[in-house]
Structure formats: C-alpha cells, structure tokens
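Please see the structure below; I have some questions.
Rule-based calculations on the coordinates, nothing more; no lab input. If you're wondering where the values come from, they're calculated on a predicted model, not measured in any experiment. A quick note on method: Cβ atoms are made from the backbone with ideal geometry, for glycine too, and the neighbour counts reach across all protein chains shown.
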Amino acid sequence: MEEEVYEPVIGLEVHCELKTITKLWCGCKNEFGVEPNTNICPVCLGLPGSLPVLNEQAVKFAAMIGLALNCEVKPSIFHRKNYFYPDMPKDFQISQYDQPINVNGFLKLDKNVTIGVVRAHMEEDTGKTTHIGSSGRIHESSGASIDYNRAGVPLVEIVSAPEIKSAEEAKKYVSELRAILVATNTTDGKMEEGSMRVDANVSVRKIGSIEFGTRTEIKNLNSLRSLVRAIDYEISRQINVIKNGEKVKQETRHWNEDASTTVPLRSKEEADDYRYFPEPDLVEVDLGNDIVRQLKQSLPVMPLERRQRIIELLKNPNEDSAFIVVDLDLDGLLLEVVKQGADAELALKRFSNEFAGYVEEVKALQPERLVELLNLEQTGQLSATQAKAVFAEMLTTKSSPSQISTGLGFGGLEDSELSELLKGIISNCPNEWNRFKDGDGKVQQFFIGQVMKATKGQANGKVVLSLLEAMKNS
Amino acid sequence: MDNNEEQIISKQDVSYVASLARLDLNDDELESFTVQLSAVLVHAKDLSSIDLSDLPPTSHPLALKNVFRLDTARESISREEVLSVAPQRTETGFLVPPILGED
Ligand SMILES: [Zn+2]
C-alpha cells in the first residue's frame, strides 16, 4: 500500500454562535429562523455614523468557552478585517487578530489523546446569502438576496493546532468540542442550523517528515458525516496529486455533498490580504482576574469527566452509550438510579436506547420508579419486551411499574405453569427437542417462540431458557 | 515635494493597495499617488526617530477599557423602511449582483 507512505495533518476551525439574547454590537435580537431582515438596525447594517457597543454577556460567554478549553484568558482588542463581500454591509468584519481573548488551550479527546487549541477568539457573524438562479422569481438578473438577521451575531472561532491525524479523529474532536460548548450553555451547537460551523485545513506529508505539506481549506461541512467524508476525500485527492508528480495548490475548496468531492472555489481576488487594523470604535477588553475566576467557578463538570463517572460503574466500559447519556443530560439521573440499587449495565443500556427518546418525560419520573422498573427486568420478572411496554405506560400514567405490569398481565405466569406448557411443547416436537439436547443452540429460539405464542408474549424469555436448560439436564 | 523625493513605497505597492480598495487608477494617478503616499509615510516615519522603548504599545488613543452594554433587546427598525431605500431588493431581502468566486 503506497498510501501508507503519507500521513494527513488536520487542523480545524470551528465557529460557534453564542446564545446571547442580542447581537454583539447592537440590541437587535439574536434569533434563528425568523423572517429575513427583521432583526436589523443602523449598527448591524453598517450605516454611516452608527457605532458598535460590545455586549458584555458575549464577552463572558467567550471567556467561559476559553476556560472550558483550558485556555489563558487575556486582555484583548478588536480589529477590522477588510473585504468586499455583500454579506458584511460595513465592508469589514470586526474580529480579533493578534490579541485574542483566549490562547493556548487544549481539548482532551480521551485519556491518551489531547489536541491543542491555539486560540478561541470573538468575532461577528455575517449575513446570510441566498443565491437566486436566473430561472428564479427575479427574471431580469440572477443575483443573491441577503438577510442581515445574522450579521453581527456573536461568534467564537476555535482554532485547533494542526494535530489531528485522521478524519475519524476530527469527528471525535468536533463531537467533544460540541459537547463541551453545549455543557457550558454558551451555544446550542446545532450544526444543521449553522450555529456551529467547521472548516478543515488538510495537508498530507510523507511519514517521518517534520515539514507540513501545502494545505487546503475545506468549507461547507454541515454535518459530522460531511466532515469525515470531505477530509477522507481530500486526503486521497492530495496524495494522488503528489503521486502524479504535481503540487498541491494552497486554496479554499468547497465540499459538494451530492457529488462527494471537494472543488476549488474560484479564488477571490487577493482575498487573503485583509489589511487588519485595530477597530478605532472599540476599546480594550480586560475582564480581570476576579471575573475570570468567577466564570471559571461557574463552569459545570465537563462531559469527559461525566462520562468517566458512568464508565467507572461498569464491568464492560461502553464509551458510546455513556456519550449518548451525557449528551442527553441524563447522566445525573442514571447515577442516581444506580446509587439506589439499579444495575449499572442494564441502566446504561436502557438510558442510551429506550429512555433516550423520551428525555423530558424520563427526567420527570421519580428515580425510584425507574429503579423498580430496571430491577423487575434485571431479576427476570419482566422480559426486555415487557419492560419496554411497562416503560411506555409509565410515561403516561402515575402508576408504579409493578402495578402497570400486573395491569398488562405480565409476570402472572408462575414457573410451574411455564414448565407444564414447555413439557407439552416438547412432547409435540421431539425432533427439535433432540436437536436442543444435542447442543444445537439455534433451536432454543424455536422453543421460546412457541412459549411466547402460547402465552401471547407474556412469558419471560430468560426464564423459559433457564427452564429448558434445567429440563435438558434432568 | 519640497523636502525630498524619497519614495518608500513603489508604484506596484500603490497599484496593489488600490486594487484591494477597488480603485481603478490610471498610470498618471498611480504616479501621483505614489509620490503623495510616500510623503505621508516619510512624515509618519519621523516617529521612529523617538525612543519609545519604555512605553507599552497603545491600541487606542483613549485610556478606556471595558465599554460594555447589557444583553437586553430593543426594537429593530422596520424592514420595509430599510428595503425601500435599498438600490435593489427582493420581497424580503437586499438584492445584490451575482457574487464573484461562488457558483
Ligand atoms: Zn442591529
């Protein structure tokens, strides 16, 4: 495999919109999904004479993000990033340049992997451009329609070090980052709504080489799936370019989900020269040690640690299930039911599957009820299917799991009744019974199925199986 | 140009800066602005002759920091009022020409 001679080097830039009530420089509402151009004013339209005034909450959120990513929070200033593009009505974007608010952090992916966070700076979002085709309503010219509701919405851009080694690791980084951001309650992390957007810088180099290869920047990564596919595509594209004796061009490429390729954006004229200069309408931001300390203390326990608390309870660590439970913010309840005597393995299984679809309802239940349900299943008094049915009822009634179970006619079958039933089935199916006795594991499902049919699904499969085993050995 | 003819930027520099600012300058204008901008820069360069090594860098002429506003919403302005004075509009948005560099 010649591919193995090369290794990718990936860095990610993640933009996230902050969950403030208003925009960064003006009192227009920061809202998603409202009528176009309804949250606009002279400031965010860049009208002459208007002046920006910084939203204090946005600064605090930005610092909290930095602290959650183990950054140093520093005194910072704003710059103008100049470019002509109609998504910024001022013809510049206010951003942070050489003195960003957060620097030198890191993000832990797991016990062994840590990715550096170079900086996490504040800036304003741009307006939303909708291209109008020549066949659209505007017949005289094709062009673009701009909605400035998003212009001036506070963003934090988190720049990773070029330390990510694969598309999968990039996905893990973004998932972990998203989990952290959501936990800090500073952003809602919705990639599908664009409140979290990822650009990937990708290059390849020969393994063992210290120098980086020429990188490309990939945009339009709207989901974790696109992120992985686009990076994998770009890695092999670059390797092919090099193998063909050509050079990778430094450029911005656009991920086309339908075609599953990255294509170069026609390079905007000298677009890389933004002529940054300090924004004269804004002054230095310096939260000071006391406020930074307070913000740090206000941070919740981070997701990695929350998952760890679950995993410690398990014989067989299941990171994925723990991720789901923490992501749904159900881990506190899970820990409580385990503390009250529920089996941790079973609890995690149910919390990450059946319960996951009913987060709010489950949170509203008394933990004791969940413990009772899980224990009924754990002890075999309810089959998994029956437990699911009882759970569904619990969401809508106030009755206890055992009351519901009785009401549904579950658990009414004594072992002796089941034994009698089984004996009957066995005498009708001698061939299957012989195969079972010879150790053919597949036939056990046949017997369980027969019992279920005869009991209209009220028997517990586990109990049937143990009865079968007992009969085989007798 | 009474003091000196020192040119600390080239015509190419000026042409480049002009293109970034979307200014379409002819050759005479380029020539003239190169001389003028050089004079401005030479004047600004005088500052380098002062020893400022003891002074911390200044990012702003005002000795102010942390000018904030509270995160409270106020009414936005009427869309119709704004769109009615836009050079071109759609029903709900600002219409701009097709954007270079995008499909
Ligand atoms: Zn506004």
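Looking at (1) touching a residue at least 60 places away in the same chain (Cβ under 8 Å); (2) more than 14 Å from the ligand (Cβ to nearest atom), which one does A:L24 not meet, given that it meets all the others?
Exception for A:L24: condition (2).
Filter region A:46-67 down to residues that are more than 7 Å from every other protein chain (Cβ to nearest Cβ) and in a loop (DSSP other than H, G, I, E, B) and give me whichever is nearest to A:N149 (Cα to Cα).
A:G46
While we're on this one: Checking A:I94 against (1) more than 9 Å from every other protein chain (Cβ to nearest Cβ); (2) outside any strand (DSSP E or B); (3) within 16 Å of the ligand (Cβ to nearest atom), which single condition isn't satisfied?
A:I94 satisfies all of (1) more than 9 Å from every other protein chain (Cβ to nearest Cβ); (2) outside any strand (DSSP E or B); (3) within 16 Å of the ligand (Cβ to nearest atom) except (2).
A further question on this structure: If A:I40 passes every condition in (1) crowded, with 18+ Cβ neighbours inside 10 Å; (2) more than 15 Å from A:I158 (Cβ to Cβ); (3) among the hydrophobic types (A, V, I, L, M, F, W, C); (4) more than 9 Å from chain B (Cβ to nearest Cβ) but one, which one does it miss?
Evaluating A:I40 over (1) crowded, with 18+ Cβ neighbours inside 10 Å; (2) more than 15 Å from A:I158 (Cβ to Cβ); (3) among the hydrophobic types (A, V, I, L, M, F, W, C); (4) more than 9 Å from chain B (Cβ to nearest Cβ) leaves (4) as the failure.
Take A:N149 and tell me if it is closer than 22 Å to A:G116 by Cβ and either more than 14 Å from chain B (Cβ to nearest Cβ) or within 16 Å of the ligand (Cβ to nearest atom) (or both).
On the way: closer than 22 Å to A:G116 by Cβ: no; either more than 14 Å from chain B (Cβ to nearest Cβ) or within 16 Å of the ligand (Cβ to nearest atom) (or both): yes.
In short, no.
Looking only at residues that are exposed (fewer than 11 other Cβ atoms within 10 Å of the Cβ) and among the β-branched types (V, I, T) in region B:41-79, which one is farthest from the other protein chains (Cβ to nearest Cβ)?
Per the stated criteria, the residue is B:I50.
Hey, can you tell me all the residues within region A:68-82 that are buried (at least 19 other Cβ atoms within 10 Å of the Cβ) and either within 10 Å of another protein chain (Cβ to nearest Cβ) or in a loop (DSSP other than H, G, I, E, B) (or both)?
A:L69, A:C71, A:S76, A:I77, A:F78, A:H79
Scan region A:1-21 for residues that are within 14 Å of the ligand (Cβ to nearest atom) and either crowded, with 19+ Cβ neighbours inside 10 Å or in a helix (DSSP H, G or I) (or both) and jot them down.
Within region A:1-21, the first condition is being within 14 Å of the ligand (Cβ to nearest atom), and the residues that meet it are A:20-21.
Result: A:T20, single match.
Applying the selection to region A:41-70, what residues are within 16 Å of the ligand (Cβ to nearest atom), within 13 Å of A:K23 (Cα to Cα) and out of contact with any Pro (no Cβ under 9 Å at 6 or more places or on another chain)?
Answer for region A:41-70, where residues must be within 16 Å of the ligand (Cβ to nearest atom), within 13 Å of A:K23 (Cα to Cα) and out of contact with any Pro (no Cβ under 9 Å at 6 or more places or on another chain): A:C41, A:P52, A:V53, A:L54.
Residues to consider are A:E279, A:E257; find the one that is surrounded by 15 or more Cβ atoms within 10 Å (Cβ to Cβ), farther than 30 Å from A:A364 by Cβ and either within 14 Å of chain B (Cβ to nearest Cβ) or touching a residue at least 12 places away in the same chain (Cβ under 8 Å) (or both). Even if it seems obvious, please write down each step before you answer.
Values: A:E257 fails: surrounded by 15 or more Cβ atoms within 10 Å (Cβ to Cβ).
Just one listed residue meets the conditions, A:E279.
Next up: Hey, which of the helices (runs of 4 or more DSSP H) in region A:323-439, taking only ones fully inside, have at least 2 residues that are surrounded by fewer than 18 Cβ atoms within 10 Å (Cβ to Cβ) and touching a residue at least 24 places away in the same chain (Cβ under 8 Å)? Reasoning before the result, please.
Working: elements: A:331-339, A:344-352, A:359-364, A:367-378, A:384-394, A:401-407, A:415-428, A:430-437.
Helices (runs of 4 or more DSSP H) meeting the threshold: A:344-352, A:359-364, A:367-378, A:384-394, A:415-428.
Name the single residue that is nearest to the chain's Cα centre (by Cα) among those in region A:211-233 being acidic (D, E) and more than 18 Å from A:K172 (Cα to Cα).
So in region A:211-233, the residues acidic (D, E) come out as A:211, A:217, A:232.
With more than 18 Å from A:K172 (Cα to Cα) added as a condition, the list becomes A:211, A:217.
Details: A:E211: 32, A:E217: 22 Å.
Checking each candidate, the answer is A:E217.
Find the residue count for region B:47-103, including only residues that are within 16 Å of the ligand (Cβ to nearest atom), farther than 26 Å from A:Q96 by Cα and part of a strand (DSSP E or B).
Matching residues across region B:47-103 total 1.
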